[in-house]
Amino acid sequence: MSIQYKNAGIWLLRLIAAFILIQTLFFKFSASEESVYIFTETGMEPWGRIGTGIAELVAAILILVPVTTWIGSLMGIGLMSGAIFFHLTKLGIVVKNDGGLLFIYALVVLICCVFLLLINRQRIRQLLKNSGIIKL
């Protein structure tokens, strides 16, 4: 695969993950009925809704900056793992007749972030090696 296609693929993963994370912020920050319901059901309304929104904004920005993509991807994996956990344990896959869209968005962001983290594994190894945290 040529470098050009690889870079385009990486940017596509970044844009998909960041777009989904950013487009859901409006609903969290505007206290939409669905967001309030979700965070009430999980026992985290309103601090969890607002805190999650802030964390998702930070993750999206970090994902879009090539040097910090791996940090944003780690955050995205953590945030989406939490979302998927609550969908599977408390909320259900379909929330307020959304057809499972929020669950699918969480899966898509999780998958994009996992791939971005794998793509950046050399950068992470080098950072850990240079910091003396691990000996490689």
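Bear in mind that the values in this text are calculations on the coordinates, not laboratory data. Just so it is clear, the structure is predicted and the values come from calculations on it, not from any experiment. With ideal geometry, Cβ positions are generated from the backbone for all residues, glycine too; neighbour counts draw on all protein chains shown.
Some notes on this structure:
- Long-range amide H partners of Gly100 with built H, under 5 Å: Val95
- Extension reserve of the Val65-Ile119 stretch, reckoned as 0.36 nm per residue once the Cα distance is removed: 18.0 nm
- Applied to the range 22-32, the Karplus parametrisation 6.51 cos²θ - 1.76 cosθ + 1.60 on θ = phi - 60° returns per-residue 3J(HN,Hα) values of 6, 5, 7, 5, 3, 5, 5, 6, 8, 6, 4 Hz, with x for Gly and Pro.
- Prolate/oblate/rounded call for the range 1-116, Cα gyration tensor, a/c under 1.5 rounded: prolate
- Modelled FRET efficiency - R0 25 Å, Ile133 with Trp11, Cβ distances, 0.05 increments: 0.30
- Dipole moment magnitude, nearest 20 debye, the chain about Cα centre, only Lys, Arg, Asp, Glu C-beta charged: 820 debye
- Separation between Cα centres of the range 75-136 and the range 8-32, rounded to whole Å: 13 Å
- Of Arg123, Arg49, the sequence from fewest to most neighbouring Cβ atoms within 10 angstrom is Arg123, Arg49.
- Local charge for Ile22 was computed over the other residues whose Cβ lies under 14 Å away, with Lys and Arg +1 and Asp and Glu -1, and equals +1.
- Local electrostatic count, Leu102, Cβ distance below 10 Å [Lys/Arg +1, Asp/Glu -1]: -1
- With contacts taken as Cα pairs under 8 Å at a separation of at least 6 residues, the chain carries a relative contact order of 26 percent.
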